[in-house]
Each structure stands twice: as C-alpha cells, then as structure tokens.
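The values are calculated or read from the model by the stated rules, or taken from the named source; none is laboratory data. Worth saying up front: this structure is predicted, and the values here are computed from it rather than measured. Note that we place each Cβ from the backbone using ideal geometry, even for glycine, and neighbour counts take in every protein chain shown. Just so you know, the surface numbers come from the protein's heavy atoms only, side chains and all, with ligands and any DNA or RNA stripped out. Shrake-Rupley method; radii C 1.70, N 1.55, O 1.52, S 1.80 Å.
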Amino acid sequence: MQRVLELVFRPTVPATRLAATGVSAAAAPAAPANSLTDAPVGASPDVARWLAVLANHAPLAGVRHDQAKFALELHHCDDPPSGDPAWQCLVLDAGARRFAIAVHDWPVLPGLRVRSWEPVALTRDQLPDFAGQCGDVPWRADVERHWWRLDHDGAPLTISLDAGVLSAPATRDGAGADGGDGENGEDGAGRAGGERRSFVELRISLELADVDNPDDAAPDLYASPDADTRIELAARAVRLFDLALELNADGLLTLVEHDALTRASQSADKPRKAGPIDFGARQTYASLAAAVARNVFAQWIANVQGVVEGQAIEYVHQMRIALRRMRTAYRFFGPELDAAALVAEQKELKWIAALLGDVRDWDVLAEETFEAVARAAREASAESPADVQARDAAQWDAARGRVAAHRARAAQALREAMTSPRYARLVMQIARQVAVLVAQAKNRRARPLNPDARRVLNKRYRKLARVADLASLTPDARHQVRIDAKRLRYAIEFLAPALDGRARRRMMAHVSVLQDTLGSANDAIVGRRLLAEVELDAAVRMFTQGYLSATEAHGVSGGKRELDRIRAKK
C-alpha cells in the first residue's frame with residue numbers, strides 16, 4: 001500500500017494568459033469561473049507555458065522532470081471496503097501497462113489529504129477484481145503528466161502537473177452526466193454525448209511510510225484516526241505548506257479540496273453550514289483553537305466552488321458566515337496565534353468578507369426584501385382599475401430588472417476576487433495557519449480553558465444585557481448590538497467545553513433570537529441603502545420606503561423583547 005500526504009491546486013489564471021517566463025501577481029488577470037478548466041475542449045491547456053513558469057520557481061529551478069501519458073477510469077464503488085465511501089476504484093491504462101488501483105482518501109485538514117492506493121497489474125483484457133463492486137460506466141480522464149522528484153527533509157516528494165480532458169458518462173438519452181435521472185449519469189449507456197472538459201491541476205505529494213511494512217509504526221488511517229494521528233500529520237504538513245508557498249509565491253495556483261476526477265464524479269455539494277466542532281478530549285485553549293480553525297476553514301473551502309460558479313445564493317451566505325467565524329476566532333485565540341508565531345490575516349479576510357457581504361446584501365434584497373415589498377404593493381392595488389395595475393406591474397418589473405443588474409455586478413466583482421492571485425495567497429496562508437494550530441494542539445504549556453472561558457463569556461453576555469432601549473439607538477448602534485450578539489454566539493460555540501449543556505443552550509437560544517430579530521431590521525436598513533443606488537419610479541420608491549421603515553420598526557420591537565429576556569436571565 002503506497003501512501004502520500006497531498007495538496008492539490010488548480011490554476012488561478014488561464015495558461016494562455018501566462019508569459020512564458022512567468023507572470024507577476026499584480027499583472028495576473030482573473031480566471032474564468034470554472035473549477036475544471038481554463039480553456040474549452042478543442043483549445044487544450046498550454047502545458048508548455050505552465051512548465052516554463054514552474055521551472056523558474058524555486059524549488060524546481062534546474063530540476064529535471066519526467067513525463068507520461070495515460071488514461072484513468074474512475075468507477076463508483078457500489079460496495080466499498082468496510083462500507084467506507086472514501087474508497088475509489090481506478091483503472092490506469094498507460095498503453096503497454098494496465099493497472100487496477102484501489103484508492104482511499106482521508107481528509108487530514110481542509111485542502112490536505114492522505115491518499116493511499118494499492119495497484120495490481122492487469123493483462124490487456126483482464127477485468128479488475130473490483131468490477132463487481134463498482135458501477136459499469138466510468139468517468140475517464142486522458143492525462144498528460146509531468147513530475148519532479150525532490151528530497152523533502154529526507155522524505156521523497158513529488159510535484160506533478162496534470163493536464164488533459166475529463167469525459168463524463170452520458171445518460172441513456174445521450175445527455176451529459178447532469179441531464180439524466182441517475183445520479184451523475186451512472187445509469188448511462190456510455191459517454192457518447194457526455195460532458196468533456198479540459199483541466200489542469202498541480203499536486204504536491206509527500207511520501208509516507210509503507211503501511212504494509214511490519215517495521216512501519218505509522219498509524220492506521222482507515223479506522224477512525226485519533227487526534228494524535230491528525231496532529232502528527234499536521235506537523236508534517238506545515239513544511240509541505242511552506243514549500244507550496246515558495247513554489248506559489250505569485251499566487252498562480254489555488255488550493256482546492258479535490259482533484260478534478262474526484263470532484264467530477266461526486267454529486268454537487270450542498271452549501272456547507274457550520275457543523276459541530278470536534279473538540280476532542282483536551283481542555284486547553286490550544287486544542288480549542290486547533291479544533292475551531294479546522295472546522296471554520298472546512299466550512300469556508302467547501303462553499304468556494306458554489307460561490308465561484310454562481311450557484312445557489314446559500315453558498316455565499318455560508319462562506320460569509322465562515323469568514324465571520326474565522327475573524328471572531330482570531331479575536332478569541334490571539335495568544336495561541338502569538339505562541340505559534342502566526343499573524344492574523346484580518347486585513348485580507350476583511351477584503352474578501354466585504355465583497356461577500358455586498359453580494360449577500362444584494363441577494364437578500366433581490367430574493368427576499370424586494371419581492372416582499374412588490375407583493376405588498378400588488379395586494380395594495382388589487383382593487384385598482386386594470387390599466388393602473390398593469391402600469392404598476394410594469395414599474396415594479398423595471399425596478400426588479402435594475403436590482404438584478406446591480407446584483408450581477410456585485411457577484412462578478414466577487415468572482416474576480418476569488419479567482420485572483422491575492423485570494424489564492426490568502427487561502428494558502430490560512431491553510432498553513434490551520435496546520436500549525438493543529439500541530440500545536442498538544443502544547444502542554446497552553447492556557448487552561450477554565451475558569452477563564454466562563455469569565456469571558458459571562459462578560460460578553462452581561463454587555464448585551466446592559467444595552468439601552470433599542471428604539472433610542474441609532475441604526476449604526478443597533479447594528480453594533482447585532483454584531484456583538486453574533487460574536488457572542490460564535491464564542492459560545494467555540495468555548496462550548498467550558499459550559500454545561502443547559503447554560504450553553506440557554507445563552508445560545510436568547511442570543512440567536514436577538515440576532516435574528518435585529519437582522520430583519522438591518523435587512524430593511526440595508527435595503528433602503530441599496531435601493532438609493534437604483535433608479536426607481538417615484539411611486540415605487542415611496543411605497544418601498546414606507547414598507548421598509550415599518551419592517552425596521554417591527555424588528556426593533558422584537559429585539560427589545562429579547563433583550564428584556566436576556567436581562568431577566570443574566
């Protein structure tokens with residue numbers, strides 16, 4: 001069984017826009033919103049350009065590289081070993097040689113995996129042993145691979161550049177993988193008519209000990225790896241990230257969760273919400289910082305694809321929440337960052353968070369606030385003559401179109417930012433920070449969690465209880481109350497081991513309701529601000545202003561009631 005600790009990257013910029021000798025980050029244009037390709041099929045990725053760029057970057061300068069061409073077929077495992085869905089079934093065809101390969105991926109950290117595989121040689125017409133376990137229709141990747149072999153602190157390391165064409169299976173009606181009744185087109189009758197996309201990706205793979213060697217003391221990764229295993233691998237990964245940052249100083253490559261073939265074979269990921277945090281058994285700030293960082297970054301990186309591809313608006317919402325959680329974590333775990341010689345990336349997080357916030361505000365206005373106002377306007381004019389209703393409907397439709405245009409511009413600005421070298425460097429820095437924090441989770445000199453955590457939470461809770469009457473506050477002051485409530489909510493989540501379950505649930509319930517009620521008031525305020533940028537007919541603007549003012553007042557009233565409950569329970 002062979003095994004590597006691996007990072008996977010996609011190009012931040014298209015190969016066709018790179019200078020043969022490299023490109024500076026400042027001059028690099030944005031890539032198109034596509035995770036698998038930087039060029040349509042028929043305009044094959046310019047491998048020579050990427051080779052020239054990589055060859056001029058340390059540590060590859062002057063290092064000889066090898067190359068090969070092969071085809072990979074990925075079969076879905078219908079009956080994976082031990083029921084573990086992380087197993088994949090691959091067939092590699094290199095012309096003269098052919099192999100069946102069982103592959104297992106274990107996510108150590110977001111963007112970092114341990115990939116294990118066992119190749120078995122096949123004759124030309126021999127079926128793999130797992131054929132009965134796997135789907136009949138494979139995904140296929142025709143790959144041209146270039147690779148460099150290096151020594152990394154005494155361990156063999158491979159940097160490989162893959163470029164090729166990914167072929168999706170077709171459904172029985174000849175549509176692409178997403179067009180039929182079967183999940184991913186698995187019930188198709190072949191690839192005729194299936195989707196074909198070119199792709200480029202780079203992998204950095206550090207070889208780990210051979211798990212079949214009886215002298216190998218490496219832990220078993222297939223049976224719920226313990227926290228110590230993750231810490232050990234995270235420590236190795238820090239140097240791997242350092243190497244990646246050296247190679248990717250210009251931000252020309254963006255860290256991703258999955259390679260192109262694995263990603264294409266999976267069903268579309270749903271927006272990732274903030275899941276439960278696995279705190280483990282240790283009760284120190286260092287262990288909590290590691291658990292929180294890993295959890296928050298997982299939510300962040302899982303939603304990137306949906307944001308870049310302009311899928312459901314929930315992806316933007318969940319990624320924005322992830323960045324808010326990350327910024328709050330920086331505030332709570334500052335001493336842990338200092339102890340690990342890490343610098344909080346607050347400025348860069350604020351940059352991308354502002355763009356996400358702009359898109360989210362326009363999404364809420366277009367999908368919720370504006371439609372609620374338009375619906376109320378229709379109901380108000382239900383008794384009007386038909387010609388008046390038709391005129392009003394035309395005015396609201398025109399306003400809806402202008403709102404949509406503003407929304408599209410905000411979304412485009414976000415996509416350009418998230419396919420830029422600046423964003424690529426930010427993701428790499430955060431990924432390295434997560435690895436450092438996890439690697440130091442066993443720090444015996446770490447701050448003890450209790451009683452400091454309870455004191456911090458109680459102080460923030462009492463701060464909310466002391467808030468004056470919401471109705472007397474300015475909109476900005478009320479918004480700050482909402483921010484304080486949100487930060488307290490995240491703090492309760494991050495410091496959960498310091499609280500008993502009943503106290504945690506009570507605090508979280510009150511703070512969540514307060515945040516939601518003030519959120520509706522804030523949506524109304526933001527809606528008025530955004531609509532000030534939109535050309536509206538006078539009647540539409542007047543009705544909108546009145547409706548949103550009433551909505552704001554209703555939200556403030558609900559927030560006041562919840563604050564009264566918080567005061568009573570403090």
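Give the residues of the range 331-374 that are open to solvent by 20 Å² or more (accessible area, probe 1.4 Å) and among the aromatic types (Phe, Trp, Tyr), sorted by residue number.
Result: PHE332, TRP351.
Is it the case that some residue within the range 229-251 is in contact with a helix residue (DSSP H, G or I) (Cβ under 9 Å, 6 or more places away or on another chain), more than 19 Å from SER198 (Cα to Cα), assigned to a loop (DSSP other than H, G, I, E, B) and open to solvent by less than 30 Å² (accessible area, probe 1.4 Å)?
yes
Among the residues that make up the range 532-543, is at least one of them within 32 Å of the chain's Cα centre (by Cα) and in a helix (DSSP H, G or I)? Write out each step before concluding.
Here is the first cut: in the range 532-543, the residues within 32 Å of the chain's Cα centre (by Cα) are 533-534.
Subset that is in a helix (DSSP H, G or I): none.
So far as the range 532-543 goes, no, none of its residues is within 32 Å of the chain's Cα centre (by Cα) and in a helix (DSSP H, G or I).
Any idea which of SER287, SER267 is hydroxyl-bearing (Ser, Thr, Tyr), open to solvent by 40 Å² or more (accessible area, probe 1.4 Å) and farther than 30 Å from ALA58 by Cα?
SER267
From ARG444, ARG528, ARG502, grab the single residue that is farther than 30 Å from ASP338 by Cβ and either among the small types (Gly, Ala, Ser) or exposed (fewer than 13 other Cβ atoms within 10 Å of the Cβ) (or both).
ARG502
Kindly establish whether VAL534 is over 30 Å from ALA290 (Cβ atoms) and of a type in the set (Val, Ile, Thr).
Answer is yes for this residue.
May I ask you to say which residue of SER198, SER224, SER205 is of a type in the set (S, T, N, Q), under 28 Å from GLY280 (Cβ atoms) and at pLDDT 85 or above?
Matching residue, one of SER198, SER224, SER205: SER205.
From ALA344, ALA417, ALA424, grab the single residue that is closer than 20 Å to LEU255 by Cβ, in contact with a strand residue (DSSP E or B) (Cβ under 6 Å, 6 or more places away or on another chain) and either outside any helix (DSSP H, G or I) or assigned by the TED database to the domain that holds VAL296 (or both). Walk me through how you get there before you give the answer.
Numbers: ALA344 fails: in contact with a strand residue (DSSP E or B) (Cβ under 6 Å, 6 or more places away or on another chain); ALA417 fails: in contact with a strand residue (DSSP E or B) (Cβ under 6 Å, 6 or more places away or on another chain).
Every option except ALA424 fails the conditions.
If I filter the range 454-461 for residues that are more than 30 Å from ALA498 (Cβ to Cβ), of a type in the set (Ser, Thr, Tyr), within 34 Å of the chain's Cα centre (by Cα) and buried (at least 17 other Cβ atoms within 10 Å of the Cβ), do I get at least one hit? Full working, then the answer.
Taking the range 454-461 as the starting set, the residues that turn out to be more than 30 Å from ALA498 (Cβ to Cβ) are none.
Within the range 454-461, none of the residues are more than 30 Å from ALA498 (Cβ to Cβ), of a type in the set (Ser, Thr, Tyr), within 34 Å of the chain's Cα centre (by Cα) and buried (at least 17 other Cβ atoms within 10 Å of the Cβ).
Run SER420 past the list (1) surrounded by fewer than 20 Cβ atoms within 10 Å (Cβ to Cβ); (2) out of contact with any Lys or Arg (no Cβ under 7 Å at 6 or more places or on another chain) and report the number of the one that doesn't hold.
The failed condition is (1).
Within the range 129-154, can you find the residues that are modelled with pLDDT of 80 or more, open to solvent by less than 30 Å² (accessible area, probe 1.4 Å) and out of contact with any Lys or Arg (no Cβ under 8 Å at 6 or more places or on another chain)?
TRP139, ALA141, HIS146
Before we move on, is GLN412 at pLDDT 95 or above, open to solvent by 70 Å² or more (accessible area, probe 1.4 Å), part of a helix (DSSP H, G or I) and assigned by the TED database to the domain that holds LYS347?
yes
Let me confirm something: among ARG325, ARG294, which residue is among the charged types (D, E, K, R), surrounded by 21 or more Cβ atoms within 10 Å (Cβ to Cβ) and within 13 Å of ALA353 (Cα to Cα)?
Working: ARG294 fails: within 13 Å of ALA353 (Cα to Cα).
Criteria check complete, one pass: ARG325.
Residue by residue through the range 91-108, note down the ones that are open to solvent by 10 Å² or more (accessible area, probe 1.4 Å) and closer than 30 Å to GLN299 by Cβ.
ASP105, TRP106, PRO107
Return the residues of the range 49-63 that are without any contact (Cβ under 8 Å) to a residue 24 or more places away in the chain and either open to solvent by 50 Å² or more (accessible area, probe 1.4 Å) or at positive phi (or both); say none if nothing qualifies.
Correct list: ALA61, GLY62.
Specify which of the listed residues (GLN433, GLN389) is in a helix (DSSP H, G or I), of a type outside the set (Lys, Arg), open to solvent by 40 Å² or more (accessible area, probe 1.4 Å) and assigned by the TED database to the domain that holds ALA290.
GLN389
Can you confirm whether SER557 is under 22 Å from ALA568 (Cβ atoms), touching a Leu at 6+ places or on another chain (Cβ under 9 Å) and among the polar types (S, T, N, Q)?
Answer is yes for this residue.
Need the failing condition index for ARG282 against (1) modelled with pLDDT of 90 or more; (2) surrounded by 16 or more Cβ atoms within 10 Å (Cβ to Cβ), just the number.
The failed condition is (1).
From the list GLU533, GLU562, GLU552, which residue is open to solvent by 40 Å² or more (accessible area, probe 1.4 Å) and among the acidic types (Asp, Glu)?
GLU533
Answer yes or no as to whether ALA175 is crowded, with 21+ Cβ neighbours inside 10 Å and at pLDDT below 80.
Considered against the rule, which asks whether it is crowded, with 21+ Cβ neighbours inside 10 Å and at pLDDT below 80, ALA175 comes out as no.
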